[in-house]
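Student: Below you will find the structure I want to go over with you.
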Amino acid sequence: SPGSNTNISNGVISSNGKGVSYGGVSNVTLSDSTINSNTGYGIYFSGSGVGANTITNNNFWNCSTACIGMVDASEVGQTFVGNYLNSSSGYGIYMFVTGGTGEADNNLFKDMVIENTTLVSVNMTAEDGRSMTNNTFLNVTYDDESVVSLHASSFVELIRKWYVDVNATYSNGTV
């Protein structure tokens, strides 16, 4: 697990149980790296105080459980931009909170592609009264999702947005 306020770039992280494990750290940047052939997760977030980490322009390959995992933690304000998730025998993104203080709020996934997953591309599950709010996918391409609240007081929110280019032309040909 990297310590808080750490930058990791241009690395190859492979053949581990969890490629990179974030437990109770913040302000870590992981960029321009290849994370492949890890037997559990490509990147894994757990524990309290996990926040303000930035994951940009990485390639995740051959993930087992999931390429990105956020499990039973207080993950608040993670930013994922320009990542490519490919060939997972599990999920592309797996977010699960239960019991304790687990929350997964205010996470941004932007300009990403998730493909070739055996299970659903995106799985977000909350139980035992836990919540996941304001999780945003902006211009993220993926095949399928499972967004589930397993308890009446649980709440899961996934906001999906895409870029749109519009060209308006008047009937007389002017723009």
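Student: Mind ranking 9-16, 110-117 by how tightly packed they are, going by the mean number of other C-beta atoms within 10 angstrom, highest first?
Tutor: Working: 9-16: 13.2, 110-117: 18.5.
The packing order, highest mean first, is 110-117, 9-16.
Student: Could you give me the ³J(HN,Hα) list for the range 8-18, computed from phi with Karplus coefficients 6.51, -1.76, 1.60 and θ = phi - 60°, whole Hz, x at Gly and Pro?
Tutor: 10, 8, 6, x, 10, 10, 8, 6, 10, x, 10
Student: Could you calculate the contour length gain from Asn172 to Ser26, that is, 0.36 nm times the residue separation minus the distance between their Cα atoms, to one decimal place in nm?
Tutor: Details: separation 146, 0.36 × 146 = 52.56 nm, distance 5.58 nm.
Length gained, Asn172 through Ser26: 47.0 nm.
Student: Taking the Cα centre of each part, how many Å lie between the range 147-175 and the range 53-105?
Tutor: 22
Student: Of the heavy-atom accessible surface of the range 43-175 (probe 1.4 angstrom), what whole percent is carbon and sulfur?
Tutor: Details: 2910 of 5930 Å².
Accessible surface attributable to carbon and sulfur in the range 43-175 totals 49 percent.
Student: Per residue, how much accessible area does the range 1-129 show when a 1.4 Å probe rolls over the protein heavy atoms, in square angstrom?
Tutor: Numbers: 4570 Å² over 129 residues.
Roughly 35 Å² per residue, with all protein chains present.
The values are calculated or read from the model by the stated rules, or taken from the named source; none is laboratory data. Owing to the predicted nature of the structure, the values given are computational and were not obtained by experimental measurement. Positions of Cβ are backbone-derived with ideal geometry, glycine not excepted, and every protein chain shown enters the neighbour counts. Heavy atoms of the whole protein, side chains included, go into the accessibility calculation; ligands, DNA and RNA do not. Shrake-Rupley method; radii C 1.70, N 1.55, O 1.52, S 1.80 Å.
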